[in-house]
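J.: Quick one: structure below, then a few questions.
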Amino acid sequence: MMKTYIFSGIMTIALLLMSGCSQPPVDYLNESEEDIKARMEWWDEAKFGMFIHWGLYAVPAGEYKGRKVEGIGEWIMNSLQIPIAEYEQFAPQFNPVKFDADEWVSIAKDAGMKYIVITSKHHDGFCLWDTKYTDWNIVSATPFKRDILKELAEACEREGIRLGFYYSIMDWYHPDAQSIFEPDYNQGRGSGNVNPNFSRYIEEYMKPQLKELLTGYGDIGVIWFDGEWVPDYTTEMGKDIYNYLRNIKPDLIINNRVDKGRQGMEGMDAEGDFAGDFGTPEKQIPATGMPGLKWESCLTMNDTWGYKHFDHNWKSSETLIRDLVDIASKGGNLLLNVGPTAEGIIPDPSVERLKDMGDWLKLYGEAIYGADPSPVDRPEWGRYTVKDNLVYAHVFDWPANGELNVADINGIGVAWLLSDSGKSQLLFESKENGIVLQLPETAPDEIASVIVLERN
Ligand code: FHN
């Protein structure tokens, strides 16, 4: 398939003239803490989102010409060194006739997720929307011919779920961004081998595409960058793009990977002056969170982001629920991934786990949504979250003797089981090393029971 790109220099000038763009750009890199807090309030409250990795890589689903990729499925083009001319063959095979945006949004909403971040363009450069800037997209290059992001945006709007777009800066397909060693898509990256036209990729492709995504798909909440590690991309580019996007949509939230923010400490260089609004620890939960910073752990449910037909290494619902509690107790958000199949189906094991998480959150969500991190070290039996004058004790290990030692975080007047709508008072005794609660013999929830401690 011919790679057709519309170099947009003339278009950019025309658009600027037509838009009557006369206001000088705002420098958002020095935004006040007050403005940042107001802009991120919905995100802070939300705590739990769905990550969706979906694209052409779902067609091979981790296996190509009899070879199975050992790593993550969405990297198959690089892992198996598939030449672009061969990888293009997946486009006419991509026809996700079972895709139903309302069903995906319903699964997320029932799970208690408040936002969705989907790969608009992953490293293979394939675009899941009807972009004007390349034919390498789902409408032009596949028999499906529908704008996935448009349908998802409309479904999210109907259900009150915020939508964000993942966008890979690294692009193995675009001639101005791809490795000069194609099909070795990463070879030489480490030695500073860069694409001489990368700046043109940024200015005449990446920025116009991001503007398409921010102005044509409703009230987009987040741009989630990735692939920032390539040597072609600089922190100066990142800070410029941060301001470029915020001047298009001032209330937009942008992750730290718009810049080189995750160098050093995984997820976020705490003292860095990078652009970006939150850290992105990946496939991990920082031991002590990221004190003083906003952050979001992105986790998989098995071992891959993009669908692999033979990855059956699913985490249990217990693990996933306790991960959510752990993250909330440390002040972070959880972005939990699903990798839909080439037909457009979210795998059953993912759906089952998400339903379990939603059932738990229907009972105990008040101890997660909008809660603040624990001001004290985690207890050996579980975690704490706090909200106003309430402390929530999330008990993973229910005491056999019925006695639970809890920290006296902000004084205690009354205590009850969150699952007990009647708020029957639990007996407790204040001792010098804290408070001892008298608990019923059986835990209300075998994964995580929640006790509320209310200050006098
Ligand atoms: O290379 C990508 C990978 O495919 C996946 O998208 C993860 C998700 O955060 N990010 C990059 C690896 O850090």
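The values are calculated or read from the model by the stated rules, or taken from the named source; none is laboratory data. Worth saying up front: this structure is predicted, and the values here are computed from it rather than measured. Backbone-built Cβ (ideal geometry, glycine too); neighbour counts: all protein chains shown.
J.: Could you please find all residues in the range 368-385 being under 24 Å from the mean Cα position of the chain (by Cα) and assigned to a strand (DSSP E or B)?
T.: Scanning the range 368-385 gives ASP372, PRO373, ARG383, TYR384, THR385.
J.: Okay, next question. In this structure, is GLY331 within 21 Å of the chain's Cα centre (by Cα) and at positive phi?
T.: Answer is yes for this residue.
J.: For the range 417-436, indicate whether the set of residues that are crowded, with 20+ Cβ neighbours inside 10 Å and within 25 Å of GLY332 (Cα to Cα) is non-empty.
T.: Scanning the range 417-436, I find at least one residue that is crowded, with 20+ Cβ neighbours inside 10 Å and within 25 Å of GLY332 (Cα to Cα), so the answer is yes.
J.: Is one or more of the residues making up the range 195-207 in the same structural domain as ILE76 (by TED's automatic domain parsing), touching a helix residue (DSSP H, G or I) at 6+ places or on another chain (Cβ under 8 Å) and not in a helix (DSSP H, G or I)?
T.: yes
J.: Additional query: Residues that are of a type outside the set (Phe, Trp, Tyr), part of a helix (DSSP H, G or I) and either under 21 Å from TYR217 (Cβ atoms) or away from the ligand (no atom under 16 Å from the Cβ) (or both): does the range 46-55 have at least one?
T.: yes
J.: Now for a separate question. Would you check which residues across the range 147-178 are over 28 Å from PHE48 (Cβ atoms) and more than 16 Å from the ligand (Cβ to nearest atom) and list them?
T.: If the condition is that a residue be over 28 Å from PHE48 (Cβ atoms) and more than 16 Å from the ligand (Cβ to nearest atom), then HIS174, PRO175, ASP176 are the ones that fit.
J.: Something else now. So which of GLY306, GLY276, GLY292, GLY272 ends up being within 15 Å of the ligand (Cβ to nearest atom), assigned by TED's automatic domain parsing to the domain that holds VAL97 and at pLDDT below 95?
T.: Exactly one residue qualifies, and that residue is GLY276.
J.: Filter the range 301-322 for residues that are in contact (Cβ under 8 Å) with a residue 40 or more places away in the chain and of a type in the set (Ser, Thr, Tyr) and give the result.
T.: Residues satisfying the conditions are THR304, TYR307, SER317.
J.: Taking ASP110 as meeting all but one of (1) within 16 Å of the ligand (Cβ to nearest atom); (2) touching a residue at least 24 places away in the same chain (Cβ under 8 Å), write down the number of the exception.
T.: For ASP110, the exception is condition (1).
J.: Here's another thing I want to ask about it. What are the residues in the range 61-107 that are part of a helix (DSSP H, G or I) and within 16 Å of the ligand (Cβ to nearest atom), if any?
T.: GLY73, GLU74, TRP75, ILE76, MET77, ASN78, SER79, TYR87
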